[in-house]
Amino acid sequence: MPKERPCVLSIAGFDPSGGAGVLADIKTFEQHKVLGMGAVTGLTFQNDSEFDGVKWIETDEIIKQTEVLTRKFKFEFIKVGLIKDLQTLEVVISSLKSLRKESFGQVSSLKIIWDPILKASTGFEIHKAIDKKKIADIYKNIYLITPNTDEIKILTGEIDEMQGAKELSKYCNVLLKGGHREKKKGYDYLFTTDGKIFSFRPKKISEIGKHGSGCVLSSAITANLANGNDLQRSCLKGKDYVTKYLMSSKTLLGYHKS
């Protein structure tokens, strides 16, 4: 009989172009041989180069989507992407833990991976301000956060990105993405909660960026974790996957292949 695949959930936005959000996550999950499912947080009006806005899904409707899935499927790893605000994120995470306990009697093994999308790749600013005190309370419920260099500065208030990631790793593991960095472009750094730092150099640098590459990376890492890889190896394998995605075409939309 075929091996049963682990179930993975993406809680993210809907992108009509399929390059980002839940659709991109599901494509990535499938390539990693995990059973991917999704809950939508917002309907975006965009293509690969334009972002006209987003219509947010009500928090209770997001929870209803996750509730019906969580009753039946035991998710060990859940990825969260585009979300309206910190209050919504906090309520959704709390609900996920409660639902997990009700359905399977345990919460400790549930791990949340958050890709903090603060600005669309087109430049559209989604979150204009971050409450530093409120977000600190949320970090402790997150296993891994995957900010880029601009996002880490907004999340922590630190001018130095490396120092910001180090401070943030006191609460949760941090993968600092380097695709937007001028120096050492493409180098990613993993800061773990036990004080270790791992670097991942790029095997290739794509001249053309890809719409949704951050979504693809975080969902690839989530899938690798679900497949039993440790955090360091999951980040490495995720980077290899997104590199293939970045090199897959000469347009802003990439192709998924394992």
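Quick one: Cα convex hull volume of the chain, Å³ per residue?
Here the figure is 122 Å³ per residue.
Along Cα→Cβ, 7 Å out, is where each label goes; now give me the distance between the ones at Lys196 and Ser94 in nm to one decimal.
Each label point is offset 7 Å from its Cα along the Cβ direction, giving 3.4 nm.
Excluding residues on the same chain fewer than 8 positions from Lys134, give the aspartates and glutamates whose Cα lies under 13 Å from its Cα.
Once the sequence-local aspartates and glutamates are set aside, what remains near Lys134 is Asp85, Glu90.
Taking 8 Å as the Cα distance limit and 6 or more residues as the minimum spacing, I'd like the relative contact order of the stretch 7-246 as a percentage.
18 percent
Quick one: which of Lys27/Lys140; Lys33/Lys183; Lys170/Lys203; Lys133/Lys177; Lys166/Lys204; Lys55/Lys204 span more than 32 angstrom between C-alpha atoms?
Lys33/Lys183; Lys55/Lys204
Based on the mean of other beta carbon atoms within 10 Å per residue, what is the order of 169-178, 133-142, most packed first?
Answer by packing, highest mean first, reads 169-178, 133-142.
Checking the cross-link filter: which lysines have an alpha carbon closer than 17 Å to that of Lys101, excluding same-chain neighbours under 8 positions apart?
Once the sequence-local lysines are set aside, what remains near Lys101 is Lys64, Lys72, Lys74, Lys111.
So how far, in whole Å, is the C-alpha centre of the stretch 59-81 from the one of the stretch 1-36?
Using only Cα atoms, the two centres lie 14 Å from each other.
Here, each number is a calculation from the coordinates, and none is a lab measurement. As the structure is a prediction and not an experimental result, all values here were calculated from the model. Virtual Cβ from ideal backbone geometry, glycine too; neighbours counted across all protein chains shown.
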